[in-house]
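The values are calculated or read from the model by the stated rules, or taken from the named source; none is laboratory data. The shown structure was predicted, so the numbers you read here are calculated from the model rather than taken from an experiment. Cβ sites come from the backbone with ideal geometry, for glycine too, and all protein chains shown count toward neighbours.
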Amino acid sequence: MSGSDPNKLIAKADKLTRLSLTRWNADWKSATLLYEQAANGFRIAKDYEKAKDALEKASKGQELISSPWDAAKHMESAAALAKELGKWNEVADFYKRASELYTVCGRAQPASDALAKGARALEDSVPEESIQLYIEACTILEDDGKEQMAFDLYRDVTGAYIKLQKYTDAAAFLLRWGLAADKCNATHSQCKAYLSAILIYLYIHDIKQAEKCYNDCSQVDAFLGSDHGRCASKLLSAYTEGDIEEIKRLAQSSAVSHLDHMVIRLARKLPTGDVSALKTNASNEQEEELDEDDLT
């Protein structure tokens, strides 16, 4: 039947949106319905390129007839088809547009979810873009005071940074997670995030940064008095003393074993650098201090 031919439905819809001498106003309501029918037809025929284009037009139509929620849904569907087609730029653009439309509806959670879907779709092919979408998804929830709803996203960002071996970025984002956890009184998650950040600095053998991170985090009483805080303190002492066995023992402790797997894997490899040099440096500093105090 010609009435169900998606190509003809598109042509008919396009005609309704074009102005002419006989049509002074575009009929977007009727056209949008036709675009939606065409998109379904193309999908059934597995012509995903044309289905995607039809959904884009249907989304525009829903937006023009003041239905941003339906427009966002169509945009997400178009993004899913773009993923099937391997059109990664469109995947990012469509999910971002869907997020914007959900924001127009005043719905932070779906707006964040749309960006997270885009991030997951791009993880393997365009990891840098994926991370940015994850971060934007976090920001939307943070701005809406829903930090606790973003915990899985903080985990995703940290994991993506570790996968790319961007360890300092991973540690920085863990500290952001800790701050968010503090805002919603999720003390346990906060302590886990802080210990994880310290472990990552130890993994890249940046002992000074690990110590600075520990000192900063210890300003939070909840961390200082927690198992995670004590584990971090003992680890740093073991590094100062050059005690490899103690470092390995602490890396197997329960405080570490209950962290996220991506961090546990790094912790199990500690120490990654020469800790005997740290012990020598510490001894030299102590001797210098004694010399300064020796007045004879």
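Details
- For the criterion of being within 23 Å of the chain's Cα centre (by Cα), farther than 19 Å from Tyr134 by Cβ and surrounded by 24 or more Cβ atoms within 10 Å (Cβ to Cβ), Leu101 passes.
- Scanning region 208-226 for residues that are more than 27 Å from the chain's Cα centre (by Cα) and either of a type in the set (A, V, I, L, M) or in a helix (DSSP H, G or I) (or both) yields Lys208, Asp221, Leu224.
- Out of Ala210, Ala170, Ala121, Ala186, sole residue that is surrounded by 24 or more Cβ atoms within 10 Å (Cβ to Cβ) and among the aliphatic types (A, V, I, L, M): Ala170
- Residue in region 153-160 that is hydrophobic (A, V, I, L, M, F, W, C), surrounded by fewer than 17 Cβ atoms within 10 Å (Cβ to Cβ), in contact with an Asp or Glu (Cβ under 9 Å, 6 or more places away or on another chain) and at pLDDT 95 or above present: no
- All helices (runs of 4 or more DSSP H) inside region 6-71 with 1 or more residues being buried (at least 18 other Cβ atoms within 10 Å of the Cβ) and within 29 Å of the chain's Cα centre (by Cα): 48-64
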